[in-house]
Amino acid sequence: MRFAAIIAFLFLISGLFAQDLSAVRLSADFEDVSLHGAIRHLEKKFGLNFSFRSAAIEARSVNCRFEEASWAEIEQCLFGANSLQATPLRDGYISLKSLPAETSRLWTLRFRVLDPDGSALPFAPIQFPSGPGMTDEDGFFSGEFTAAATDIVLLSYLGYDNLAVPVRELVAGPVVNILLTTAAIDLSSVLVSEYLSDGISVPEDDSFIRIKPQLAPAVPGFATVETYRTLSLLPGISNIGETAGGLSIRGGSPDQNLVLWDGIPVYSSGHFFAMISPFSPDLIDEVNVWRGGASAAFGGRVGGLVEINTDETVTETFSAGAGLSLLTADAFVKAPLFSGKSDLQLAYRTSPKIFSEGPAYAGYRAQVLQGDVFARILNAEERGLPQEVDFNFREFNGRWRYNFSSRRTLTLSGFTQHDDFGYRIGREGTNRFFIDGLITKNDGISASYAQPVGNGQLRFQFAHSAFSGEGGSGFQNGEEGIFSQRASRIRESSARVEYDLPSFGSSTLQLGVQAQRFWHELEYRAENTLADSLGAFSLSGGMADALAAYGNYRWEGEGLLTAELGLRLQHYGPTESVYAEPRLSLGYRLTEDWLLKAAYGESHQFTQEVVNLNPERISAMGSLWTLADDDRLPVAAGREGSLGVSGEVGDWFFDAEAYYKRVKGITTLNSLLLREDLAEGDSRATGLDLLVKRRWANWRSWAIYTLSKTEWRFSELGPDYFPADNDRRHQLQLVHTYSNKGWSASVGWRVHSGARYTESREVQTQVRPGSDRLVTRLEAGPVNEARLPAFHRLDVSVFRDFTPEGKGWYGRVGLSILNLYGRENILERRYLVRGTGLPEPGRFALEELNRLGLGLTPNISLRVGWN
């Protein structure tokens, strides 16, 4: 009797519990468990009985994590996610019935959107099948909506890849954590595999070119990574006068290019009169190059844009390295800090004194100094005149970064560059000597902070750059003398606030403001004891403020068209004017392999480098930077446009782009103008860049041909345009690279039209007013009408890499030869008036001074590193 009562009581309790599903609370972790096994667990724990067809649950598995979960949570994860309808019946029975996959139902979701570090992504956009939604400030979403289990929920966030998640995966736990992947991690989704070679790529719309210096092929003829010279491998970019930093981008002058290192404006064009590239490549992650059509976020220049960025990734391991060549010595270190959230990266470069008399520097000195020419004019060897050369450069780069999260970061960057150069034949104070000296400095610092705000990314940046160049030159040969002194100083400080906001689909909107303050000082003096003197002028202590507001909208449709529309409104204090600068870039996918592209932009420039047209100058002058004031110096205004097509056919890649560029407001100092002032003019350039490349196995070969015409006009010289100093009508470059099993090599042959120059025809003499002294003046032909012989040169580089397995170190040995067949290229022609000692009319004669290019110049390098 007692036993029967106990049995009856248990059945009563079990029946009551089974029928009250609201009291069910389940804590369990079903990870890749069969649905049948999960059902048996429920039956055993709660006394439930499920009725179903075996085929409905056969081979189905579940991934559900429950913490005191209610029946509603259990039902939608175990059954709703598997398109099953669970219907409670009497006496604890539950019927399971299969539903079509497209059947809609009500879902209750709770999930959080996170970055790869686990930090919340606030206000992340969500596209549900029934409409849009958004996470809260903690990246959390909680709510109900109607959809089928197989419907897709789209999650997006600026700077991250979009993620499509089926509804059934959003009910796998009490709160589901969803990690978005940083878009920068997979560059292949943004960039094509390569443009010229590994390490040189372009985005899908071809709007700019990205270079990874450590991955890019070696520049033929150089034994170390030459960041600036790598740019000359690209169509439409050439190095003026064999320099590294004298970059002419589509007919523009070097000062028209905006060069930024971690957001810091760079005024120095390189070391040893721009022959050696600045900045340690070990700290450079990428170089982005716009030959035209740059974003409205960038202003202040009318030419190209070169954006040099250090690594945004914090290193997790210590690494260091050092290198030595016949031209440079360098070292770097990268050290992790604060458990992988921060790191410090430092690099140092200098000129090795031990190789100052070696073949590499000997070749560079002969190209820059023309020492042999002046030694011959002064009869230095016969007269026993001493010759002295003193040169050194040093450079320090550094970057510190702290990642609070993947999107909240703080970066401090800085560099300092110092060049000291002196050259002398004979002794000052005598009547026969030649001297040339120049000291340049460029220092910069920047601080950048970024953090998510709302649905976008907010960035603050402060940058400061200071440049100074002071020098002089003098030539005295008896009574004949030419002297010059120059000093140029410029400082720029800027503050920028920028906000990027995701828009429809993959489109983005960027808004920003930038405030700048400039200060400059310029002094120049030139004297010719035999010819008319330019005299002297000074622009000292000038200061100017500029303020810009800009916006960019980038639209990436699901179709074939990509477009970026921008506008920059630039106010400049000295002119009290606002300059509007529209920008437009378009890409249209003709087929999967062919792209049609176009760009247009307008810009203005407030800092300018003065052009020197004097044919009798004797020195490679340092930079003369100054500021526009719309009085003596105009604000340069530029506009440019381009249209091109690129595509692939098998292993072949083709790229063709036509362009035009107009700049009003360039300046010159020129004694031919017979005035002691600066002259104003304008320039125009048109051209066509053609690229053909083939890739197979470990070989890359490409040919670049440019047909261009660059002209200047100064009203004081007449109404007509004349060829510009950097006019190169025809340019052809052939490059071949190879890499395999630790060996790599590059061979390059380049040929272009000879440089332009002004031909001096004869020396005129006249009596200086108020004295009985004769002075001379050159009778010059049309400005830059004459052309030097064509330039051509063959260069080669070979490298061997060593990476011993398990040793933790690596090494590289390199050998390069510039001008392999010893071509004597004339880079520039100038003139010097010399006394002959004869009576009139042959008392004076013209001396032709040809600056020759680099002869056969070898270099070797050795590099070791540890990681």
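A few remarks follow.
- From the list Asp117, Asp161, the one residue that fits, being at negative phi and free of Cβ contacts under 8 Å to residues at least 60 places away in the same chain, is Asp161.
- Matching strands (runs of 3 or more DSSP E) fully within the range 673-741 where at least 1 residues are farther than 26 Å from Leu196 by Cα: 679-696, 699-714
- Applying the set (1) among the basic types (Lys, Arg); (2) at pLDDT 90 or above; (3) closer than 30 Å to Thr440 by Cα to Arg568 leaves exactly one unmet item: (3).
- Pick from the range 28-40, criterion within 60 Å of the chain's Cα centre (by Cα) and open to solvent by 70 Å² or more (accessible area, probe 1.4 Å), ranking: nearest to Gly80 (Cα to Cα): His36
- Residues being at pLDDT 80 or above and not aromatic (Phe, Trp, Tyr) - total across the range 7-31: 7
- A single member of Gly159, Gly245, Gly221, Gly252 is buried (at least 17 other Cβ atoms within 10 Å of the Cβ) and either at pLDDT below 85 or among the basic types (Lys, Arg) (or both), and it is Gly159.
- Residue within the range 280-292 that is part of a loop (DSSP other than H, G, I, E, B) and of a type in the set (Gly, Ala, Ser) present: yes
- Residue among Arg750, Arg756 that is open to solvent by less than 60 Å² (accessible area, probe 1.4 Å), more than 26 Å from the chain's Cα centre (by Cα), within 29 Å of Val219 (Cα to Cα) and not small (Gly, Ala, Ser): Arg756
- If the condition is being farther than 30 Å from Ser715 by Cβ, acidic (Asp, Glu) and in contact (Cβ under 8 Å) with a residue 60 or more places away in the chain, then the range 631-661 contributes Asp655, Glu657.
- Neighbours by Cβ (under 6 Å, 6+ apart or cross-chain): first from the range 589-608, of a type in the set (Asp, Glu); second open to solvent by 10 Å² or more (accessible area, probe 1.4 Å): Asp593/Glu648; Glu602/Pro582; Glu602/Arg639
- Answer from Ile276, Ile240, Ile264 - the residue that is among the β-branched types (Val, Ile, Thr) and under 15 Å from the mean Cα position of the chain (by Cα): Ile264
The rows are residues; the columns are (1) aliphatic (A, V, I, L, M); (2) open to solvent by 50 Å² or more (accessible area, probe 1.4 Å).
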| position | (1), (2) |
| --- | --- |
| Glu75 | no, no |
| Gly80 | no, no |
| Gln85 | no, yes |
| Pro88 | no, yes |
| Tyr93 | no, yes |
| Leu99 | yes, yes |
| Leu106 | yes, yes |
| Asp115 | no, no |
| Gly118 | no, no |
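- Output for the range 297-347, where each listed residue is polar (S, T, N, Q), within 22 Å of Asp117 (Cα to Cα) and open to solvent by 20 Å² or more (accessible area, probe 1.4 Å): Thr313, Thr315, Thr317, Ser339
- Residue among Val219, Val289 that is under 30 Å from Val497 (Cβ atoms) and in contact with a helix residue (DSSP H, G or I) (Cβ under 7 Å, 6 or more places away or on another chain): Val289
- Some residue of the range 364-384 being basic (Lys, Arg), open to solvent by 30 Å² or more (accessible area, probe 1.4 Å), under 27 Å from Thr328 (Cα atoms) and outside any helix (DSSP H, G or I): no
- Residue that is nearest to Ser503 (Cα to Cα) [pool: residues in the range 444-464 that are among the small types (Gly, Ala, Ser) and out of contact with any Ser or Thr (no Cβ under 8 Å at 6 or more places or on another chain)]: Gly456
- Among the conditions (1) open to solvent by 60 Å² or more (accessible area, probe 1.4 Å); (2) in contact with a Phe, Trp or Tyr (Cβ under 8 Å, 6 or more places away or on another chain), the only one that Pro719 does not satisfy is (2).
- In the range 273-296, of all residues being closer than 18 Å to Arg568 by Cα and not hydrophobic (A, V, I, L, M, F, W, C), the one that is surrounded by the fewest Cβ atoms within 10 Å (Cβ to Cβ) corresponds to Ser295.
The values are calculated or read from the model by the stated rules, or taken from the named source; none is laboratory data. Just so it is clear, the model here is predicted, and its values are computed rather than measured. Note: ideal-geometry Cβ built from the backbone for every residue, glycine included; neighbour counts use all protein chains shown. Ligands, DNA and RNA are excluded from the accessible area calculation, which covers all protein heavy atoms including side chains. Shrake-Rupley method; radii C 1.70, N 1.55, O 1.52, S 1.80 Å.
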